[in-house]
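Notes follow the structure.
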Amino acid sequence: MRLPWIAKTLTTVAVLCGVSGTLLAQSMQLAATPPMGWNSWNHFACKVSDAVVRAAADAIASNGMKQAGYIYVNIDDCWQGKRNEKGIIQPNERFPDMKALADYVHSKGLKLGIYSSPGPLTCAKYEGSYGHEEQDAQTYAGWGMDYLKYDWCSAAKVYKPSEMPAVYKKMYDALKRAGHPIVYSLCQYGMEQVWEWGASVGGNLWRTTDDISDNYESMCFIGFGQNGLQKFAGPGHWNDPDMLEVGNGKMTKDEYLTHMSLWCILAAPLLAGNDLSKMTQATLGILTNPEVVAVDQDPKGVEGHRISQVGPLEVWAKPLADGSQVVGLFNRGESMNPVSLDFRDIGVSGSATIRDLWGRKDLGSFQDHFTASVPKHGVVMIKVK
């Protein structure tokens, strides 16, 4: 039986986005919570191969990530070869047998994702899907693909910006006709205010920004810039501030904690982008902290938002299905700073109990407000009841 708040959320999103009930139901089945997994691009770029993907699947299946919810193993750009005489796309020499690769990933209890562009070429100048949408959808389904990232790139050379919704709907319709459930990820960098129409063309998630980089400034610009988009996200369709850089090595531990905390409060897709075969225990701990991941995967499906800001100090909150709220106390400053939550800002009067989600410990009961010392570029993430 569908809980009342789920039905209400679905109805609200349907009204906002013009989504049919059938389309919502299909989206809900595929991405009821933000998709979790791994993507090859951030670390491997065009050095991706069958062996790299198998190694990622092996790692996810054995290191605790699968149990934490990471199930999609996604091949990004650079897998494509040429089309055969019938126009059917072939993988290049680094991917000798896509069907066998999909079978291998599926044998681990995981799902496999693929990448293309609605233009003639992908971002890395490989073969795109322009004029072959139906064929490519059938090919992906035949291989057993479970996820498609569809990247605008050279489509700008053959389509007008105003045609973007119809172009993305064309591939969605082809995927639907192919008959295999595939999570549909729209990657067009937030152009044309995609959050207003992404769900109506079948998108389960849509990029809201340009590409992320493994540095604090890029992560902050993208993550903290999501405020105001929360009304467009919900079960089945999510704002996507791009993949995780956690573990790629160019941010500090506190900066990676900020990255993970903010993405979970945003109900963002969690797609790790590091080399999983060489991951440290510290990185694994950030990616798999069960209490933090649970915030991202909360079934209520509400995206958090900023509730206060004083200079470099920001407080963000996200309501959860159990009636509690998760609050991120962020310090974007260059030294340790106290950051405070006024309970009234989250609709709480009097006292509340506080739990530290990264520390995984109860902090006790507090009256009217809570203050924590937050390190430079760091975060304290709490659950408030």
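Laboratory data are not the source of any read-out in this text; all were calculated from the coordinates shown. Since this is a predicted model, take the numbers as computed values, not measurements. Neighbour counts run over all protein chains shown; Cβ positions are idealised from the backbone, glycine included.
For this structure, a couple of remarks:
- For Lys253, a cut-off of 12 angstrom between C-alpha atoms picks up these aspartates and glutamates, skipping any fewer than 8 places away in its own chain: Glu245.
- Relative contact order of the range 4-296, defined on C-alpha pairs under 8 angstrom at six or more residues apart (%): 21
- The range 4-296 - share of DSSP beta bridges that are antiparallel (%, nearest 5): 15
- For the pair the range 222-267 / the range 116-170, the C-alpha centres are spaced 25 Å from each other.
- Between helix 164-178 and the chain there is an angle of about 70 degrees, using the helix long axis and the longest principal axis of the Cα atoms.
- Sequence-ordered 3J(HN,Hα) estimates for the range 49-56 from the Karplus curve with 6.51, -1.76 and 1.60 and θ = phi - 60° stand at 7, 3, 5, 4, 5, 4, 5, 5 Hz, glycine and proline given as x.
- The relative contact order of the range 305-384, computed from alpha carbon pairs under 8 Å that lie at least 6 residues apart in sequence, is 33 percent.
- Stokes-Einstein diffusion coefficient of the chain, Kirkwood radius over Cα pairs, 37 °C, 0.692 mPa s, in µm²/s: 154
- Considering helices alone, the calculated mean residue ellipticity of the chain at 222 nm is -9000 deg cm²/dmol, with DSSP H runs of length four and up weighted by -39500 (n - 2.57) and normalised per residue.
- Relative contact order [Cα under 8 Å, 6+ residues apart], the range 76-129, whole percent: 33
- Relative protection proxy for 293-303, 236-246, from highest mean packing down: 236-246, 293-303 (other beta-carbon atoms within 10 angstrom).
- Each residue, Ile88 and Asp356, gets one label point 7 Å from its Cα in the Cβ direction; the gap between the two is 5.8 nm.
- In the structure shown, the pairs Lys149/Lys361; Lys47/Lys157; Lys160/Lys250 are assessed against 29 Å; a Cα-Cα span above that value is assigned to Lys149/Lys361; Lys160/Lys250.
- Both numbers refer to the Cα atoms of the range 305-384; Rg and Dmax are 11.8, 36 Å.
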